[in-house]
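The values are calculated or read from the model by the stated rules, or taken from the named source; none is laboratory data. Quick caveat: nothing in here was measured; it's all calculated off a predicted structure. In this analysis, Cβ positions are derived from the backbone assuming ideal geometry, glycine residues included, and neighbour counts consider all displayed protein chains.
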Amino acid sequence: MRYLVYILKRVVSLIPVLIGISFIVFFLIRLIPGDPAATLLGVHATPQAVKELREQMGLEDSLPSQYLTFLGHLLQGNLGYSYVYSSSVVDLITVSLPVTIWLLISGTVFTLLIAVPLAVLAAARRNGVVDNIIRAVPVVGLGMPAFWLGIMLILVFGLKLGWFPVAGYGTGVVDHLRGIVLPGITIALTLSPILIRSLRASMVDVLGSDYIVTAHSKGISTARVVLGHALRNAAVSSVTVLGVNIAYLTGSTLVVERVFSLPGIGQQMINSILGRDFPTVQGITLVFAIMVVVVNLLTDVTHAALDPRVKLA
Amino acid sequence: MSAATTIAPALPASGNRRRRRGRWNAPLVAGLILFGLIVACALCAPLLTSQDPLKQDLANAFLAPGAKGHLLGTDELGRDVLARLLYGARVDLRVGVLAVISPLILGSLIGLIAGWFGGWIDAVIGRIVDIVIAFPFLVLVIALVFAMGPGTTSIYTAITLVGWVAYCRIVRGQVLVAKEQEYAMAARASGLPTWRILLRHLLPNVVLQAVVFSMSDIVLTLLAIVTLGFLGLGVPPPTPDWGTMIQEGQQFILDKWYMSTIPGLAIIITGLALALIADGIVEKANQ
């Protein structure tokens with residue numbers, strides 16, 4: 001019961017943030033230098049067409065009333081209409097969002113597969129050769145652009161070895177799954193250095209605590225102490241780190257989708273930018289922010305469920 | 001004290017050496033040397049290559065690295081890759097470093113105000129920070145650059161508008177601690193104007209953590225800038241930029257793998273140098 005109240009309170013506390021997000025997205029269009037309608041229509045637009053678009057966009061109204069109209073549409077699930085794709089923005093997003101969510105899941109799974117074993121290994125062999133290598137390699141990888149890494153993976157595993165498709169998402173579940181392996185690994189390789197660092201640090205902390213010494217002295221095997229006792233506790237604090245970084249990762253899906261030509265919302269955003277399709281850019285920016293807010297909420301809720309020390313007040 | 005020196009005369013010397021080692025740790029030295037070399041290469045670009053990074057020569061397009069007169073080959077328009085790499089370093093490093101300074105200043109000042117005044121000012125600023133960090137960094141930067149139009153000014157402005165929040169949080173936290181310290185209370189009690197207390201007394205004491213963070217932030221900013229270039233939203237062509245070079249090379253990746261690989265390596269080496277400097281400074285600050 002207290003847990004449900006906690007979740008409810010967290011959800012309510014999000015409302016001001018969500019309003020703020022809508023505010024920023026609304027103001028994006030005011031940043032266009034000069035008259036947005038004229039800019040959108042290009043240099044060959046007739047004054048009549050500009051005036052019509054201005055009215056259609058509601059630019060003749062005062063700013064506060066424009067915002068309220070925008071917010072009202074938003075609450076009805078209306079993100080506007082894309083003139084470039086002749087389709088509502090919501091429809092465009094509904095088609096491409098699942099691809100991005102699958103990519104996020106794939107990226108998270110591969111990150112865990114890479115980061116957890118390496119962090120455990122490094123912590124268990126603290127200050128050994130393996131530990132030093134595991135700690136040094138991420139420093140090199142820190143400055144590696146995700147898009148470059150993606151191109152290199154395409155070159156090696158897609159073009160030279162032919163194990164995975166070079167681009168696209170194909171049709172059918174099998175193609176989809178094959179299509180998100182390399183993008184997922186790309187994300188994982190850029191994300192895991194941070195997770196390895198934090199998980200290793202908390203593992204080292206936990207391994208030094210009294211109950212681990214007790215477990216050892218009871219004669220439990222090292223493997224069981226490390227995996228059974230220590231990892232479970234170290235994982236709790238890493239959930240938060242992973243959550244924070246999934247927010248960061250959400251942004252990098254944009255680039256990775258571009259490299260692998262995945263038809264997700266990131267790719268859609270770039271195409272809309274290149275096509276100067278403003279309502280779609282606005283809508284996708286909003287969806288990205290909401291995704292981060294949801295992931296943060298899930299992180300907090302999971303953390304509270306896993307760690308009884310979290311105050312549920 | 002004199003007893004200590006007579007018992008162990010070697011002590012002061014070894015203490016000295018330890019202090020010197022504290023000032024220059026290995027990652028810091030390695031990072032500074034590497035970064036210095038990169039900056040030197042960028043600054044001396046006209047001395048290192050006689051080629052013009054913008055000059056097209058379609059008759060000599062797609063030359064492989066090692067070709068006569070073109071050490072790293074030429075791109076699809078016959079432009080010299082080495083020259084584009086060196087001149088690209090000038091652009092990317094300048095934009096990267098400058099794009100870190102303004103968020104550092106803006107965020108530190110706002111954090112200073114939030115931490116010092118507290119109350120509703122702090123609450124409002126805290127809310128704004130919450131809202132800005134709800135957007136993935138890259139997404140908001142791209143949307144802002146798009147809205148403001150291409151060009152370096154847009155890139156600086158966008159990164160500043162999104163990047164200040166991290167510095168604000170760091171400095172605010174430091175101010176909350178520092179304002180309870182005696183020197184801050186003494187400054188307040190002596191009736192100095194608030195701006196003077198904030199800028200002359202508090203700021204020098206709280207800014208260190210923010211500056212330390214800015215070092216690792218340069219790496220992320222550099223990545224953001226080359227990513228913008230890769231997406232076609234960066235420094236407008238034909239100005240050479242590493243991200244744009246990688247993007248142009250991607251189309252020819254099967255036969256001309258080096259076209260994307262070489263600028264990528266340049267980014268990684270620069271990122272490594274900056275990461276080493278950041279690690280070294282953190283290590284130094286923790287001593």
> Within the stretch B:163-185, is even one residue of a type in the set (S, T, Y), out of contact with any helix residue (DSSP H, G or I) (no Cβ under 6 Å at 6 or more places or on another chain) and more than 25 Å from A:I265 (Cβ to Cβ)?
Replying inline: yes
> For the stretch A:250-286, what are the residues that are surrounded by fewer than 21 Cβ atoms within 10 Å (Cβ to Cβ), more than 9 Å from chain B (Cβ to nearest Cβ) and hydrophobic (A, V, I, L, M, F, W, C)?
Replying inline: none
> For the stretch B:106-164, what are the residues that are of a type in the set (G, A, S) and within 12 Å of another protein chain (Cβ to nearest Cβ)?
Replying inline: B:A123, B:G126, B:A134, B:A143, B:A147, B:G149, B:G151, B:S154, B:A158
>> Can you name every one of the helices (runs of 4 or more DSSP H) wholly within the stretch B:90-207 that holds 3 or more residues which are free of Cβ contacts under 8 Å to residues at least 12 places away in the same chain and closer than 24 Å to A:G251 by Cα?
In response: B:119-134, B:137-148
> Which of the residues that make up the stretch A:225-244 are more than 11 Å from every other protein chain (Cβ to nearest Cβ) and not small (G, A, S)?
Replying inline: A:V225, A:V226, A:L227, A:H229, A:L231, A:R232, A:N233, A:V236, A:V239, A:T240, A:V241, A:L242
> If we scan the stretch A:123-138, do we find a residue that is buried (at least 17 other Cβ atoms within 10 Å of the Cβ) and in a loop (DSSP other than H, G, I, E, B)?
Replying inline: no
> If you scan the stretch B:248-287, which residues turn out to be of a type in the set (G, A, S), free of Cβ contacts under 8 Å to residues at least 60 places away in the same chain and in contact with a Gly (Cβ under 8 Å, 6 or more places away or on another chain)?
Replying inline: B:S260, B:G271
> Residues of the stretch A:115-148 being touching a Leu at 6+ places or on another chain (Cβ under 6 Å) and within 14 Å of chain B (Cβ to nearest Cβ), which ones?
Replying inline: A:V140, A:G143, A:P145
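Every residue, every condition in (1) among the hydrophobic types (A, V, I, L, M, F, W, C); (2) free of Cβ contacts under 8 Å to residues at least 12 places away in the same chain, yes or no:
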position	(1), (2)
A:L4	yes, yes
A:I7	yes, no
A:V12	yes, yes
A:I15	yes, yes
A:D35	no, no
A:A45	yes, yes
A:L53	yes, no
> Looking at B:L28, is it part of a helix (DSSP H, G or I), at pLDDT 70 or above and within 20 Å of B:L276 (Cα to Cα)?
Replying inline: yes
> Out of the stretch B:220-263, which residues are of a type in the set (G, A, S), more than 11 Å from chain A (Cβ to nearest Cβ) and within 14 Å of B:Y87 (Cα to Cα)?
Replying inline: none
>> Every residue in the stretch B:182-199 that is exposed (fewer than 12 other Cβ atoms within 10 Å of the Cβ) and within 22 Å of B:I170 (Cβ to Cβ), please.
In response: B:W195
> helices (runs of 4 or more DSSP H) wholly in the stretch A:152-219 with at least 2 residues that are under 23 Å from the mean Cα position of the chain (by Cα) and modelled with pLDDT under 80 - which ones?
Replying inline: A:173-179
